[in-house]
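Here's the structure we're looking at; comments come further down.
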Amino acid sequence: MKLATLKEGGRDGRLVVVNRALSHCQSVPAIARTLQAALDDWHQCAPQLAEVYAALNNGAARHAQPFDEAQCHSPLPRAYQWADCSAYVNHVELVRKARGAELPPSFWTDPLIYQGGSDSFLGPHDPIHARSEDDGIDLEAEIAVITGDLPMAARSEQCADAIRLLMLVNDVSLRNLIPGELAKGFGFFQSKPASAFSPVAVTPDELGDAWRGCKVHLPLLVSINGERFGQPDAGIDMTFDFARLLAHATRSRELEAGSIIGSGTVSNKQGGLHGSSIAHGGVGYCCLAELRMYETIASGAPRTGFLKFGDRVRIEMLDHAGHSIFGAIEQRVAPCPPRPE
């Protein structure tokens, strides 16, 4: 089943069911007006939503309308919880290696996680606004899950069963603000502006055999200014699967229905710099920082800059037949609008 939220009907948008081809959708106000409402009563709503989904796919839907990704908000325009992990330890290892620091052994057994801002997300086609290019604007292509209710100290099996939906993420980072914030010993805030999620969220069964072991075994496709930048397989080198990440997140708290947990930047372990880039036969990267780490390790300093105003970012995932699963995150980097007088 595929679900999306259109930018209509207030700040939480209007829930629609989307067909598998991402060509048509149907509003379902009699079932749930918003995705959060559906998640709050998932066991009641999900079977009804699935009926609409089946009708859309077989051409029997009575109130279908064309589906336009550009009219979408993130599936959850705001959420009770957005926490991002670092499930691909290779990515963390590279960052530390580039600055000459050892990776603590605990990083391989105890996931990293931070709590992001969830009061406002970007739509998948909304611009990435920044005050200055000097902030070091970077993309981070990831996968995220939306959960049902989970108790504190939930078991991995409970966590796996509570995964309701999956999405793609652009977890925007302002890299040049991170060192100063972390030096205060109090985590990210200004360096992590609003994230964007894919137009469509899908139930795990939509992934078929690509969803196994609570991982997505498909390449995550990243382009910058129309040129392929990364295509790492999200199922390879994922140290902690989503069930493990959710169990970690519930160690000291409950997770409420509609909580979003991210995988962190998708990253595959590769050889040297020239073996890692797509141009040299590698799978590339899901953020500019990782490329800059390879450059620093290889030559002592990064050569690639961060995003500039006017740059375009695209993040997408295709199924084995080449069809888009979640739709595409397509964003342009732009200066912040002028402040009202």
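What to note about this one:
- If you look at the Cα atoms of segment 31-189, you get an Rg and a Dmax of 19.5, 61 Å.
- With respect to the chain, whose longest principal axis is taken over its alpha-carbon atoms, helix 42-57 is tilted by about 80°.
- The C-alpha atoms of segment 1-91 occupy a region whose extents along the principal axes are 47, 27, 26 Å, arranged from largest to smallest.
- Per residue, the accessible area of segment 17-115 comes to 51 Å², computed with a 1.4 Å probe over protein heavy atoms only.
- Length available on full extension from E254 to R155: 0.36 nm per residue minus the Cα-Cα distance, which gives 34.4 nm.
- Span from the segment 199-227 Cα centroid across to the segment 1-46 one, whole angstrom: 20 Å
- Rounded to two decimals, the Cα radius of gyration of segment 188-229 over 2.2 N^0.38 Å is 1.59.
- Segment 282-341: proportion of alpha-carbon pairs further apart than 19 angstrom, %: 55 percent
- Helix-only [θ]222 nm of the chain, DSSP H runs n ≥ 4, -39500 (n - 2.57) each, per residue, nearest 500: -5500 deg cm²/dmol
- Rg of the Cα atoms in segment 207-341, relative to 2.2 N^0.38 Å, amounts to 1.23.
- In terms of accessible area, using a 1.4 Å probe and ignoring ligands and nucleic acids, S74, S156 rank largest first as S156, S74.
- Whole-number D in µm²/s for segment 153-234 (Stokes-Einstein; Kirkwood sum over Cα pairs; 25 °C, 0.890 mPa s): 156 µm²/s
- Convex hull (Cα only) mean projected area of segment 187-269, reported in nm² to one decimal: 7.7 nm²
- Gap separating the Cα centres of segment 242-298 and segment 97-157, nearest whole Å: 9 Å
- Whole-Å semi-axes of segment 9-49's equivalent ellipsoid (Cα gyration tensor): 17, 14, 8
- The protection proxy used here, the mean number of other Cβ atoms lying within 10 Å of each residue, ranks peptides 148-154, 239-245, 164-170 as follows, highest first: 164-170, 239-245, 148-154.
- Ratio of Rg to Rh over the chain (Cα coordinates, Kirkwood Rh, two decimals): 0.96
- Cut-off under 5 Å, modelled amide H: who pairs with I128 long-range: R332, V333, A334
- A Cα-only calculation for segment 106-154 places Rg and Dmax at 15.7, 42 Å.
- Amide hydrogen neighbours beyond the local backbone of G123, cut-off 5 Å, H modeled: S74
The values are calculated or read from the model by the stated rules, or taken from the named source; none is laboratory data. Owing to the predicted nature of the structure, the values given are computational and were not obtained by experimental measurement. For neighbour counting, all protein chains shown are included, and Cβ atoms are generated from backbone atoms with ideal geometry for every residue, glycine included. All accessible areas refer to the heavy atoms of the entire protein, side chains included, with ligands and DNA or RNA removed. Shrake-Rupley method; radii C 1.70, N 1.55, O 1.52, S 1.80 Å.
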